[in-house]
Structure formats: structure tokens, C-alpha cells
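Engineer: Please find one structure pasted underneath; my questions will follow.
The values are calculated or read from the model by the stated rules, or taken from the named source; none is laboratory data. Only a predicted model underlies this, so the values are computations on that prediction, with no experimental measurement involved. Quick reminder, even Gly has a Cβ in these numbers, built from the backbone with ideal geometry, and neighbours come from all protein chains shown. Surface areas here come from the heavy atoms of the whole protein model, side chains and all, with no ligands, DNA or RNA. Shrake-Rupley method; radii C 1.70, N 1.55, O 1.52, S 1.80 Å.
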Amino acid sequence: MIDFPVDLIRFLTKAQRVVVLTGAGVSQESGLRTFRDAQEGLWAKYDPMDLASPEAFARDPKLVWDWYAWRREAVKGVRPNAGHYALAEMESMFPMFTLVTQNVDGLHRMAGNKTVHELHGNILRVRCSQCGTFTEIWGDDSEHVPQCQLCNGLLRPDVVWFGESLPLAELEAAVIAVRSCDIFFSIGTSGVVQPAASLASAARSVGSVVVEINAEATPLTQQADFSLLGKSGSVLPALITAVKSVVQNR
Ligand code: APR
């Protein structure tokens, strides 16, 4: 049984506009490694930071393509966990609920969230690195990176690499939602990658209450109004239960 601060529960029973930012920690209990977890198997010797960049793709497109093919298969093999489903339930509990994610695994939509802004793209989508055309099918040549059927450009995952700009529409939607929210959750993220990491301070600057739910302390922990240390798959369902029990006993 988790004892939540009374003020937090009281605030949540009154909140109208909620924004949630999630990171890889929310998918950890689905069996996906977080971004800064050690890589496994044949990828153990690579640092993700050295693979997730336009320079890495230009240098060795096949290595980068194969790493994302391996991660895509890992994503296809997992399902949302209790934390994802709790966030889907939260969307129906508040008049305005916006989910902003750094995750590229698509698990929030799979769990039922409708308003999802994927700041870093989606690993299950593939596009041409030259003309930008999206495609669902590509050749399975183990020797070469598949090519675009329109322009023969090399295909790449539709994710944001280090040094690339975020999809503007997604970022703008996130900033607009943060500017008018009552409460901002930062869940399962180390809060080190910009601009996502700035959303919490943007929320504070408009007077929102900031709540962190994370397995360990982060740079945000000291600034958050409430910092709940724990796994999102346990904390989120318990938080919903606590809010609902207050509302039902009114
Ligand atoms: N519940 C809650 N938090 C968890 C859990 C869990 N079950 N498991 C891990 N965490 C926490 C870790 O303690 C860590 O602070 O989730 C955080 C994950 O941090 P990162 O691995 O840095 O992932 P993330 O914050 O999403 O990275 C942000 O950086 O590298 C880029 O594009 C990449 O989207 C990624 C971005």
C-alpha cells in the first residue's frame, strides 16, 4: 500500500488539465531496456549515443539499420504494462489530458491513450532518408539497407536522432498543453535530454504542480512539488485508486 501525500491526492481530485511526460522507464516493466540501460547481446559493445545519430547513419548505414531492426523486433514482442494502462485510464479521469512521450515504442497508443505526442518519433515507422516518403514494406536483404521505392534513397527509422530537430507539430502541441496545465507529471525519464527536459520547468513557470514518478532521483527531483520514488507500473495504478477512493467517498 503506497501512502500518497494528502495534498497531492486532493489536488488531483480538483485538477482539470493534466500533462504527462514519459520516458523509457515507463516501458521498462514491459521488458524494454531503458535508453541508458546497458545494451545486450551483440549490441553490448555499442553506446546508443554512437548509433542514434545522422553521422552514425552516414558512416555505417547498415549498422544503424540493423540496430533499429533489432530494437523494432524487441518492441513488436512486448505489450503495455500496468503503468501504460493506468495512464490510459487517467486520460478519461480529467477534462483535458495530454500525454507527451520520448518513447518510440508506440505502447501508449496500444494501451489506449488517444492524445499522444511522440516527441522522438516511432520506431515502428520507416521513411526514406532522402525524400521522406513513409513505407510499411521493404526488402529483407541482409547485406544492404533497404531502399526507397520512389527515389532509391536509403530507408531509416522515423525516430529523432541526436542532433536532429523534433517534429515541430508534436513539440508545439506539448508546449501549448504545458502552458495551460494544472498539473504536470514527469514519469520514467532521467530528464537529461532537451527539449523534453525543459517541459517541467515550463510547467512550473505557469504555476503548475509538478509531480515526478521515477525509480531513482533525477535533476528534476529537487524541483518537483511531489517526487514519488518507485516503479511506474506500481505507483500509477495505486495513485488512481487513491484518487478514485477520495472522489467516491465525497
Ligand atoms: N518506473 C519508473 N522509472 C523507471 C523505471 C520504472 N519501472 N525503470 C527505470 N526508470 C527510470 C530510470 O531510473 C531513469 O531515470 O527511468 C529513467 C529512464 O531514463 P533514460 O534511460 O535516460 O530514458 P529517457 O529519460 O527516456 O531518455 C530520454 O534520451 O537518449 C534519448 O531519445 C532518447 O528518448 C530518449 C531520451
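Engineer: Rg to Rh ratio, the range 133-250, alpha-carbon atoms and Kirkwood radius? Please list the in-between numbers first.
Structural biologist: Working: Rg = 20.1 Å, Rh = 17.6 Å.
In the range 133-250, Rg relative to Rh is 1.14.
Engineer: May I ask for the Kirkwood hydrodynamic radius of the range 190-250, worked out over all distinct Cα pairs and given in angstroms to one decimal? Show your work: numbers first, answer last.
Structural biologist: On the way: mean 1/r = 0.0777 Å⁻¹.
After inverting the pairwise mean of 1/r, the radius is 12.9 Å.
Engineer: Let me ask another. Find how many whole Å separate the alpha carbon centroid of the range 181-232 from the alpha carbon centroid of the range 126-152.
Structural biologist: Cα centroid of the range 126-152 versus Cα centroid of the range 181-232: 38 Å apart.
Engineer: For q = 0.18, 0.20, 0.24 Å⁻¹, what log10 I(q)/I(0) does the range 95-177 give under the Debye formula with an equal point scatterer on each alpha carbon and no solvent?
Structural biologist: Normalising to I(0) and taking log10 leaves -0.83, -0.94, -1.14.
Engineer: I've got another one for you. Got a number for the accessible area of Val26? Probe 1.4 Å, square angstrom, nearest 10.
Structural biologist: Rounded to the nearest 10, the figure is 0 Å².
Engineer: Further question on the same structure: Percent of Cα-Cα pairs more than 24 Å apart in the range 63-204, please. Don't skip to the end; give the middle numbers.
Structural biologist: Details: 3840 of 10011 pairs.
Of all Cα-Cα pairs in the range 63-204, 38 percent lie more than 24 Å apart.
Engineer: Using the Kirkwood formula on the Cα atoms of the chain, what hydrodynamic radius do you get, in angstrom to one decimal? Present the calculation step by step, with values, prior to reporting the outcome.
Structural biologist: Working: mean 1/r = 0.0524 Å⁻¹.
Every distinct Cα pair counted, the radius reaches 19.1 Å.
Engineer: Along the Cα→Cβ direction, 7 angstrom out, place labels at Thr115 and Cys151. What is the inter-label distance in nm?
Structural biologist: A separation of 3.5 nm, rounded to one decimal place.
Engineer: Another one. Once fully extended, how much extra length lies between Gln130 and Ser92, figured as 0.36 nm per residue of separation less the alpha-carbon to alpha-carbon distance? Let's see the in-between values first.
Structural biologist: On the way: separation 38, 0.36 × 38 = 13.68 nm, distance 4.03 nm.
The span from Gln130 to Ser92 would gain 9.6 nm if fully extended.
Engineer: May I pose another question? Could you order Tyr68, Tyr85 so the one with the most accessible surface comes first? Probe is 1.4 Å.
Structural biologist: Values: Tyr68 5, Tyr85 110 Å².
Solvent-accessible surface, decreasing: Tyr85, Tyr68.
Engineer: Still on this model: Relative to the Cα centre, what is the charge dipole magnitude of the range 135-250, using +1 at the beta carbon of each Lys and Arg, -1 at the beta carbon of each Asp and Glu, and rounding to the nearest 20 debye?
Structural biologist: Values: 6 positive and 12 negative charges, 159 e Å.
The calculation lands at about 760 debye.
Engineer: I'd like the FRET efficiency for Asp50 and Val175, computed as 1/(1 + (r/R0)^6) with the beta carbon distance as r and R0 of 25 Å, rounded to 0.05.
Structural biologist: On the way: r = 30 Å, r/R0 = 1.20.
Using R0 = 25 Å, I get an efficiency of 0.25.
Engineer: Please list the radius of gyration and Dmax for the range 1-99, considering alpha-carbon atoms only, with Å as the unit.
Structural biologist: 18.5, 54
Engineer: If I compute solvent accessible area with a 1.4 Å probe over the protein chains, what percent of it on the chain is carbon and sulfur? It would help to have the intermediate numbers written out before the result.
Structural biologist: Values: 6480 of 12230 Å².
Answer for the chain is 53 percent, counting heavy atoms of protein chains only.
Engineer: Report the Cα-based extents of the range 135-191 along its three principal axes, largest first, to the nearest Å.
Structural biologist: 51, 24, 22 Å, listed from the longest principal axis down.
Engineer: Oh, and also: Looking only at the chain, where both bridge partners belong to it, what percent of the DSSP beta bridges are antiparallel (to the nearest 5)?
Structural biologist: Numbers: 8 of 31 bridges.
Restricted to the chain, the bridges split so that about 25 percent are antiparallel.
Engineer: Quick one: accessible area per residue over the range 79-163, 1.4 Å probe, rounded to a whole number of Å²? Display every interim value, and only then the final one.
Structural biologist: On the way: 4030 Å² over 85 residues.
I get 47 Å² per residue for this part.
Engineer: On to the next question. For the chain, what does the helix formula give at 222 nm: sum of -39500 (n - 2.57) over DSSP H segments with n ≥ 4, over the residue count, nearest 500 deg cm²/dmol? Let's see the in-between values first.
Structural biologist: On the way: 10 runs with 90 residues, N = 250.
Value at 222 nm, helices only: -10000 deg cm²/dmol.
Engineer: Give the calculated FRET efficiency between Thr241 and Trp70 to the nearest 0.05, with a Förster radius of 41 Å applied to their Cβ-Cβ distance. Before the final figure, lay out the partial values.
Structural biologist: Details: r = 37 Å, r/R0 = 0.91.
Calculated transfer efficiency: 0.65.
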